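S.K.: Take a look at the following structure, please.
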Amino acid sequence: MAESARKSTPSIPFPADLGDLFDSFPSILPWGRSAVAAHPIRVEEHFEPDAFVLRAELPGVDPAHDVEVSVSGDVLTLRAERTEEKKEKHHSEFRYGSFSRTLRLPPDAKAAEITASYDAGILTVHVPLSRAAEKAARTIEVTTGKGA
């Protein structure tokens, strides 16, 4: 009985971030990465007093040729493509191909004034917000059910 307790099972690496576990599926499938749809672009976003700022991870791309930022109405779309170098590799976990991400902009976004910059593998999209959309705080009177 003690002998069966000593049997070891193959270890499977378990990433700290569960999302990384699912990200690894394409590389372990027998038919390879190409069978899986385009990879999403990872983003973080925050608000500044007069802007919405979106930062996207896009390492290893040439922003002049491989990155497109577009807006249609209140929808912002990021697209990028990373081309695999034609070198013999023993092992690679890099992602190649098309990447895209679509996000809804805040209702007070000034779409015509959006700017984007790229530095050290990070695309930063700056979306100015309209001050006209700022609403003054006010108290709403609550009425009773009579006559309502």
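S.K.: Residues in segment 84-100: is at least one touching a helix residue (DSSP H, G or I) at 6+ places or on another chain (Cβ under 8 Å), surrounded by 13 or more Cβ atoms within 10 Å (Cβ to Cβ), of a type in the set (D, E, K, R) and at pLDDT 55 or above?
M.R.: Yes, some residue in segment 84-100 is touching a helix residue (DSSP H, G or I) at 6+ places or on another chain (Cβ under 8 Å), surrounded by 13 or more Cβ atoms within 10 Å (Cβ to Cβ), of a type in the set (D, E, K, R) and at pLDDT 55 or above.
S.K.: Counting only residues that are surrounded by 15 or more Cβ atoms within 10 Å (Cβ to Cβ) and not β-branched (Val, Ile, Thr), which one in segment 107-125 is farthest from ASP62 (Cα to Cα)?
M.R.: This residue is ASP108.
S.K.: Here are the criteria: (1) within 23 Å of ARG42 (Cα to Cα); (2) at pLDDT below 95; (3) of a type in the set (D, E, K, R). Tell me which single one ARG138 does not satisfy.
M.R.: (1)
S.K.: Looking at segment 63-85, which of its residues are within 17 Å of SER100 (Cβ to Cβ) and acidic (Asp, Glu)?
M.R.: Selection gives ASP66, GLU68, GLU81.
S.K.: Considering segment 73-113 alone, what residues qualify as being part of a loop (DSSP other than H, G, I, E, B) and under 18 Å from the mean Cα position of the chain (by Cα)?
M.R.: ASP74, PHE94, ARG95, TYR96, LEU105, PRO106
The values are calculated or read from the model by the stated rules, or taken from the named source; none is laboratory data. Predicted model only: the values in this text are computed from it and were never measured. Glycine gets a Cβ as well: all are built from the backbone with ideal geometry, and neighbour counts include every protein chain shown.
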